[in-house]
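Shown next, in structure tokens, is the structure this report addresses.
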């Protein structure tokens, strides 16, 4: 028998299974010093300890048995699991629009990984149709798996690949594109795709889920329906994030790729448009625009794909008592651009000044954003701001820090002429800088206040 | 009898004998859900045991079936999805957080709850699990917002003694409680979430009980066992049982959520009867040449055909714009009137399915040609028979409702009718007040289990087991035997064995030589009296009562002052032996008695013949708690005698 027959087991547990020749998926009765247990031996997660054997009882429950206490294992048969989402061919309807789903990872569709005990993504049109058959009522769906990574592992290489794939699909004439993506860095990718893919004639909709699709309460299916509907039917030809509006299963929101941010580590309604209002609401029945200044769908294929990206860019989240060595390290390691998330209107402390000056002299592009997320950088109000501008830091208006970060990488990818970089950075693209902040662009309702409680009790959260 | 199905007919409940139950192969097991007495919930830090119908907000969700770990969809899950319900959760800020609403991953398992569960698994003599794995048990009815219950097995294969045999304990699990249902109308079900996430244990017994009365007795035994720990919750809804019933040739049917043990016998009798009669129905179908393979039915839209019906419920439905479909069940004539349970007929099995699965909830939701319930006039049935080319041997069933529901409703009618040719379908059923039961959902299988990927397995160390074992109460059956031997009054034995003061009883009797009857009476009857007077949660801790006994033993308090001392302790919230007046000496008592006697001579009572009695009463008022009453009586008697001489 090979090591694979004892998937994930090591140490004492492996020795016990080998001794009784009981590989995983064996149907066994195990007698121990605590009693006897009947069930199927399951693979063990590699990160779990080497002391226990896991069996699935007849009732479907799993338990771990201490290998040291095992007196005997009697084999009664074998039952191997084949975890597979029922795959059905996605039906074709010539009257429906063509939508392409590009997969990068995340939990839009997922299954159990016995190696780590966590969930891993699963993905194909057939699998998606098998689990979300409603998609066939909306469009003819094609899928392509670009990557299978958790979103923290997305980076410039994957951004470029995704942008190029979008270009290819637009060339092929699809009516809309959906990108399945892990939610953690979805707003980074939405930002960079806004720069790498410009003048798109069709909607580009990013979607993910906050509860993996192996849960009955998952938001994956509804998010996917909303995203596919948007890609197939909406006339908003921009890069968008499509995720739950409220935590209730009611409607999704379409957020502009440059103004959206993940704001809660686990809520379904984690994505919010910052400093503005979302583009639209989307439900299974209809898409309701909330604003009208968006790029319209076109029938041409004149998209511009520009994937140049300078990777030596960093983002520095300022904190009181920050020392200059943080900036020095970036200078000495050859960074070409720094985005600072400063306090308040865009400030850092005095001890950093000499290092900032040195960075400027080395030709490093430096931009100031605000860690308050809402509001504009305004460096004239206080002396500190004026000093910092003197030292070469450019205020980046109301660009979100993550957006400024990917934009600076993209701008430095175009040119090393800092004046040209500055022109690119400060020219609004896809709403990354807005001229004005509407009154309702900043609304964080404060729980406990009677009028807010009244609003919540009246309306779905 | 060679063929019991053909020959045995169910008798009325009270006339059924043990031999009758043996004949039909009655088997029953229990799943007992018991909430644990913890401070917080199982997977989050919300307070446990706070209930309120008041709510601050509502959340709307839906459930979709997902695959099991072994790659299969669960039957119940698919049925629930067919139902397409909107689920509304009512949220109270005090009792639930974002964990219960499935917007935050679980926190670590409540260790206090785990200790209690392991302790109870030990009492049930289970094989204990070395490493617990949290599983997700799918519930698509929406009763848990995640769509699954987090649950884990703590022990398996235990047993408890009952009569001359052992009842098997299949497994003992620790899990989170579900929501309370508020309403379920059409495609919307509403839950209140306060109970959600409460720690509870699920005890599954083997199907080892052979009569309805045995189940109730074993349920009561289990209740006493868990209560004997003093670590479980009591009161309405704190313990609920599901009862499994089967008969020879039948199917294991689960009756869910039986709140009271005394309701069990009649419920299980009716379920056994239902299965028996369904098996007899299958025989009858076979006799008519109808099997699952030869079963034939057809469906037609009859909205137009019945538009002038004189049957009110149908006419009213059509007036609302509903559609009507008619299902022809070939060769079924009369069978929808086949008796299944007491005063319940096969037509109800069909109506139930349509109600639950298609959400056609306004009853009646079907009408059929088999009677005896009121339905369409005979002439209308006759016209329909002609329209649908149905023969005299066929049964016609009409269902009405909104267009989408009525179509699946008609399909469901045919599905349930065909199942009659197979036998007893696997279902969970709900207990009804009259002792019968109704369809709840298709019985879920092991396919609904899925490992919880949010939490790692947890090792149960030997040290932990030893620590828990050291604090374990003795098994309740041994306790009760010992109480009998000690001469504890019979009516006090069972209450004492499950009393929170049971451990104190042991300390008092074995450690401090208190007379067993005296201790038992104080701990059971006095506490019961105080509970009536001040409520169940009056805060009288065993330690406080122990202090009162200590004061008696030390001679600081009279033995007959225990009840007043307990009463005072409840009122004051504590008992302080130091603040007691010191016990009085005989001389002091004589002094008080003389003073009172002098007073009475100056103010003679109206009935002089009661002089002694009144004197004792007056003296006791001043001496109570400081000297035993019999001593006062004795000294009054002696004093009066001396004076007489």
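Here, each number is a calculation from the coordinates, and none is a lab measurement. The structure displayed is predicted, hence computed values, not measured ones. Counting neighbours? That spans all protein chains shown, and the Cβs are built from the backbone with ideal geometry, glycine included.
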Cut-off 16 Å, label point 7 angstrom out along Cα-to-Cβ of residue A:78: give me the residues of the stretch A:1-38 whose amide nitrogen falls inside. A:1-7, A:18, A:20-29
For the stretch A:280-326, using Cα atoms only, the Rg and Dmax in Å read 21.1, 55
Can you give the percent of C-alpha pairs in the stretch A:98-305 whose distance is more than 30 Å? 11 percent
Calculated diffusion of the stretch B:474-579, Stokes-Einstein form, Kirkwood radius summed over Cα pairs, 37 °C and 0.692 mPa s, µm²/s: 236 µm²/s
Using a 10 Å cut-off on Cβ to Cβ distances, tally the other chain neighbours for every residue of B:156-162 and report the average as a whole number. 2
Everything considered on the Cα gyration tensor (a ≥ b ≥ c; rounded for a/c under 1.5, else prolate if a/b is larger than b/c, else oblate), the stretch A:347-449 must be described as oblate
Need the C-alpha centroid separation for the stretch B:230-285 versus the stretch B:342-368, integer Å. 20 Å
What's the exposure ranking of B:276, B:477, going from fewest to most Cβ atoms within 10 Å? B:477, B:276
What's the Kirkwood radius of chain A in Å, using all Cα pairs? 24.8 Å
Fewest to most neighbouring Cβ within 10 Å: what's the order for B:400, B:559, B:381? B:559, B:381, B:400
Report relative contact order for the stretch A:3-78 in percent, whole number only (criteria: Cα-Cα under 8 Å, sequence separation at least 6). 36 percent
Normalising by the residue count of chain A, find the relative contact order in percent from Cα pairs under 8 Å and 6+ residues apart. 11 percent
The stretch A:1-73, Rg to Rh (Cα coordinates; Rh as Kirkwood inverse mean 1/r): 0.91
Taking chain B as the region of interest, what is the percent of Cα-Cα pairs per 20 angstrom bin, listed from the shortest bin to the one with the maximum distance? 16, 39, 27, 13, 5, 0
For A:53, A:228, B:424, B:521, ascending order of other Cβ atoms within 10 Å (fewest first) is B:521, B:424, A:228, A:53
Across all Cα atoms of the stretch B:586-644, Rg and the largest Cα-Cα distance (Dmax), in Å, are 10.6, 29
Suppose each label sits 7 Å from its Cα in the direction of the beta carbon; what would the residue A:153-residue A:89 distance come out to in nanometres? 3.3 nm
Take the Cβ-Cβ distance between residue A:333 and residue A:378 as r, set R0 to 35 Å, and report the resulting FRET efficiency rounded to the nearest 0.05. 0.70
Provide the FRET efficiency to the nearest 0.05 for the residue B:512-residue B:220 pair, computing r from the beta carbons and using R0 = 41 Å. 0.85
Cα centroids of the stretch A:24-83 and the stretch B:591-645: how far apart, whole angstrom? 79 Å
Convex hull (Cα only) mean projected area of the stretch B:296-420, reported in nm² to one decimal: 6.7 nm²
In the stretch A:313-426, what % of DSSP beta bridges are antiparallel (nearest 5)? 5 percent
So, R0 is 56 Å and r is the distance between the beta-carbons of residue A:387 and residue B:469; what FRET efficiency does that work out to, to 0.05? 0.20
In nm, give the distance between the simple-model label positions of residue B:600 and residue B:415, each being 7 Å from the Cα along the Cα-to-Cβ direction. 8.5 nm
Gyration tensor (alpha-carbon) shape descriptor, the stretch A:261-419, a/c threshold 1.5: prolate
Expressed as a whole-number percentage, the relative contact order of the stretch A:369-461 with C-alpha contacts under 8 angstrom and at least six residues apart is 22 percent
For residue B:252 and residue B:11, extending 7 Å from Cα along the Cα-Cβ vector and measuring point to point gives, in nm, a value of 3.0 nm
Please label the shape of the protein assembly as shown as rounded, prolate or oblate, based on the square roots a ≥ b ≥ c of the eigenvalues of the alpha-carbon gyration tensor (a/c under 1.5 means rounded; beyond that, a/b larger than b/c means prolate, else oblate). oblate
Restricting to the protein assembly as shown, compute how many DSSP beta bridges are antiparallel as a %, nearest 5. 75 percent
